[in-house]
Amino acid sequence: MDTLVNVAHGLGVALQPVNLIYCFVGVFIGTLVGVLPGIGPISAMSLLLPITLSGTPESGIIMMAGIYYGSMYGGSTTSILVNIPGEAASVVTCIDGHQMAKQGRAGPALGISAFGSFFAGTFALIALMLVAPKLASVAIAFGPAEYFSLMVLGLVVLTFLTQGSMAKALLMACIGVVLGVVGLDSITAQPRLTFGRIELIDGIGLVPVVMGLFGVAEVLLNTEQVIKRDIINTRITHLLPSREDWKASAGPMSRGTVLGFFLGTLPGGGAVISSFASYALEKRLSKTPERFGNGAIEGVAGPEAANNAAAGGAFIPLMTLGIPPNVVMALLLGAFVIHGLQPGPLMITQNPGLFWGIVASMYIGNLMLLVLNLPMIGMWVQLLKLPYNILFPLIILFTIIGVYCSSNNVFDVYVMIAFGVIGYFMRKLGYEPAPLVLAFVLGPMLENNLRKSLILSQGDLMTFVQRPISAVCLAFALMLLVAPLLPALRKKRELVALDEEV
Amino acid sequence: MSDQSNVKFRLNNSELWGGLIGLALGGFVIWSGLKLKLGTINDPGSGFVLFYTGILMCLFAASIIIAALTEGGPTFGSRWVNTRWTKPLLVIVCLVAFSFALNPLGFLLSAIPLMLLLLRVVDPVRWPLAVPIALLVPLGMWWILKRLLLIQLPSGIFEIG
């Protein structure tokens, strides 16, 4: 009953005209960046982070969330029609989606991907509504030791799942922690690593770092290659899948939804891993696995449902524990912090309008995506024809303006350009930026909780293993750190990492 | 990947240099932590986390170096094989030039040439298209920000914009 009352309260917030507009803008931009190869949800969210300052916290967060799940939706369009993933979570959709398009079945592929996304998004939201308040009531009992261990686990999981060398990913995470603690020490007010620059007293801004590492670096990487686009030019018909298509897709969609939601809630997990896991599962369960790779609709339905369910599931650790499980959620946490809010167990009770408003808006956003986007497929296809040599200077200009507007400070533009160049060389040398960004966001919290727990326990390190939740998290983290040393597990990890790279 | 089959020591091994940079950064972080004071385990100081993070950085960097020395690794050149490496370089040069010009010249006088350069140097866009885009997009953005959102972009010494 309480949940229904809360949902009604949330709908009241989400249905306010201004929030509806923000929600629409969010899902529209999300679909746009999902469709356009070379710019993903992270770049778009960091680009629009400053804009959220102009409205209420609800409006800003609603828009940011809309960009995230909108991009999951839009990414599949590019994968199916052009064979280029609009964003990382849609990589796997290329395999069978584009084959279907080549066989003249682009319509059903796009349709099942849209309905699968909607179904999974709805499931994820219902689960979020049911699980989040319960988890939050448990999380109130968490102390600094539990938070510290959870954050360590989140970082280790992400580094474990990052492609390539784990040592490199861990090094990146450490650099992220160091960058995160630049500025005044929150306990002693002593400036750290500021090199006498007044601009660094408040720390390095999240927006320039993320825009540099993801926006500018991505552009630099893309300019290296000639982006070839094999756009399906035939008229797209039969967007509503046939009865056979539904029959073949129902199972994969349901399994993908549950799997994606579960993986999305795990620290370090997310949409990319979920889509690959779902594809692998469907191929394994199929009686005709040889059809996979040749236009099997199950290979589109499962992963598309999984990545959308994961996008919804990822909100659980952020909303209930205040810990972002992946980089996108770290950006969303940044948006909360910019508005002076701290997501966590207390937010649901102290600010129910915000929490339930965001949840309700996500459902409305999912509906908007379904109602608006299927008829708009033609427009997205036209947009795909925009040449990258015109698009990338625009992206660069928007990142410059976005960064400047976030702080009204030219220094941040320099920081962004510097991180853009660093990010480019990092990627070229096989150092992934994701662990750095997550650690950058978690760094100050990690440090605070570590120091607090040491002060509270009077320097007794056993506090981290005597508390059960903390002990379990640390044990898990330790297991993952040791895993690459064991040949069998190392091979498994490399497989996952390779899959992500495809 | 062919480089990796040859495990002999190579100075242009990119993995080795990546590890060495990590090691140097780790050393710097340790030194910064020590300078900021570690405090005690009962009452950790400002440098506590930095110091131990620096140690971890050195350990991870050392493992990268060891792997580079024992298993070899791709050379710097091989990282850019079959790519148009001059294109990102040109974009970087444009961005650095822009960052130097932004404060003295202001947004408009630096963004318009930047756009024109970016449109022409990577995969050249035809002049009749490049010029209007380079002019209209920064001008349009400047107008929206200044008139509608009341955000003042840098106007430079000439106070244009």
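The values are calculated or read from the model by the stated rules, or taken from the named source; none is laboratory data. Keep in mind that this is a model prediction, so the values were computed, not measured. Cβ atoms come from the backbone with ideal geometry, glycine included; neighbour counts cover every protein chain shown.
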Evaluate the following for residue A:54: is it modelled with pLDDT under 75 and surrounded by fewer than 22 Cβ atoms within 10 Å (Cβ to Cβ)? yes
Residues that are in contact with an Asp or Glu (Cβ under 7 Å, 6 or more places away or on another chain), β-branched (Val, Ile, Thr) and closer than 30 Å to residue B:155 by Cα: which helices (runs of 4 or more DSSP H) entirely in the stretch A:368-447 hold 1 or more of them? A:388-407
Being surrounded by fewer than 17 Cβ atoms within 10 Å (Cβ to Cβ) and in contact (Cβ under 8 Å) with a residue 60 or more places away in the chain is true for just one of A:274, A:242. Which residue is that? A:242
Residue pairs qualifying under the 9 Å Cβ cut-off, at least six apart or on distinct chains, with the first in the stretch B:115-139 being at positive phi and the second being at pLDDT 90 or above, are none
What are the residues in the stretch A:316-334 that are within 14 Å of residue A:211 (Cα to Cα) and over 11 Å from the mean Cα position of the chain (by Cα), if any? A:334
Restricting to the stretch B:76-87, count the residues that are under 23 Å from residue B:20 (Cβ atoms), free of Cβ contacts under 8 Å to residues at least 60 places away in the same chain and facing another protein chain (nearest Cβ under 9 Å). 2
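So, in the stretch B:120-137, how many residues would count as being over 21 Å from the mean Cα position of the chain (by Cα) and surrounded by 21 or more Cβ atoms within 10 Å (Cβ to Cβ)? Lay out the reasoning, then the answer.
Kept after step one, since they are over 21 Å from the mean Cα position of the chain (by Cα), are these residues of the stretch B:120-137: B:120, B:123-137.
When the remaining residues are screened for being surrounded by 21 or more Cβ atoms within 10 Å (Cβ to Cβ), the result is B:134.
The total comes to 1.
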Which ones in the stretch A:158-184 are out of contact with any Lys or Arg (no Cβ under 8 Å at 6 or more places or on another chain) and surrounded by fewer than 21 Cβ atoms within 10 Å (Cβ to Cβ)? A:163, A:164, A:179
Considering only residues that are closer than 20 Å to residue A:218 by Cα and either of a type in the set (S, T, N, Q) or more than 7 Å from chain A (Cβ to nearest Cβ) (or both), which ones fall in the stretch B:117-140? B:117, B:120, B:121, B:124
In the stretch A:177-199, what count of residues is obtained for those that are assigned to a loop (DSSP other than H, G, I, E, B) and either over 25 Å from residue A:155 (Cβ atoms) or without any contact (Cβ under 8 Å) to a residue 40 or more places away in the chain (or both)? 10
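In the stretch A:430-486, how many are touching a Pro at 6+ places or on another chain (Cβ under 6 Å), within 9 Å of chain B (Cβ to nearest Cβ) and touching a residue at least 40 places away in the same chain (Cβ under 8 Å)? Steps first, answer last, please.
Our first condition is that a residue be touching a Pro at 6+ places or on another chain (Cβ under 6 Å); within the stretch A:430-486, this holds for A:449, A:451-454.
Those left that are additionally within 9 Å of chain B (Cβ to nearest Cβ): A:451, A:454.
Narrowing further to those that are touching a residue at least 40 places away in the same chain (Cβ under 8 Å): A:451.
Residues flagged as touching a Pro at 6+ places or on another chain (Cβ under 6 Å), within 9 Å of chain B (Cβ to nearest Cβ) and touching a residue at least 40 places away in the same chain (Cβ under 8 Å) within the stretch A:430-486 amount to 1.
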Count, please, the residues in the stretch A:283-303 that happen to be touching a Gly at 6+ places or on another chain (Cβ under 6 Å) and at pLDDT below 90. 1
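Please go through the stretch A:257-298 and give me each residue that is assigned to a loop (DSSP other than H, G, I, E, B) and among the aromatic types (Phe, Trp, Tyr), ordered by number.
Of the stretch A:257-298, the ones assigned to a loop (DSSP other than H, G, I, E, B) are A:266-270, A:286-288, A:292-297.
The answer is A:292, and nothing else.
Listed residues B:66, B:92; which is more than 7 Å from chain A (Cβ to nearest Cβ), assigned to a helix (DSSP H, G or I) and of a type outside the set (S, T, N, Q)? Before the answer, list the steps.
Details: B:92 fails: more than 7 Å from chain A (Cβ to nearest Cβ).
Within the list B:66, B:92, the selection yields B:66.
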Selected residue (only one of B:47, B:54, B:73, B:106 is in contact (Cβ under 8 Å) with a residue 60 or more places away in the chain and either buried (at least 20 other Cβ atoms within 10 Å of the Cβ) or more than 7 Å from chain A (Cβ to nearest Cβ) (or both)): B:73
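Within the stretch B:17-31, work out how many residues are buried (at least 19 other Cβ atoms within 10 Å of the Cβ) and either at pLDDT 95 or above or more than 7 Å from chain A (Cβ to nearest Cβ) (or both). Give the derivation first.
Step one: filter the stretch B:17-31 for residues buried (at least 19 other Cβ atoms within 10 Å of the Cβ), giving B:18-19, B:22-23, B:26, B:29-30.
Narrowing further to those that are either at pLDDT 95 or above or more than 7 Å from chain A (Cβ to nearest Cβ) (or both): B:19, B:22-23, B:26, B:29-30.
Result for the stretch B:17-31: 6.
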Boolean, residue B:109 is in the same structural domain as residue B:138 (by TED's automatic domain parsing), at pLDDT 90 or above and over 14 Å from residue A:393 (Cβ atoms): yes
Name the single residue, out of those in the stretch B:142-159 being assigned to a loop (DSSP other than H, G, I, E, B) and among the β-branched types (Val, Ile, Thr), that is farthest from the other protein chains (Cβ to nearest Cβ). B:157
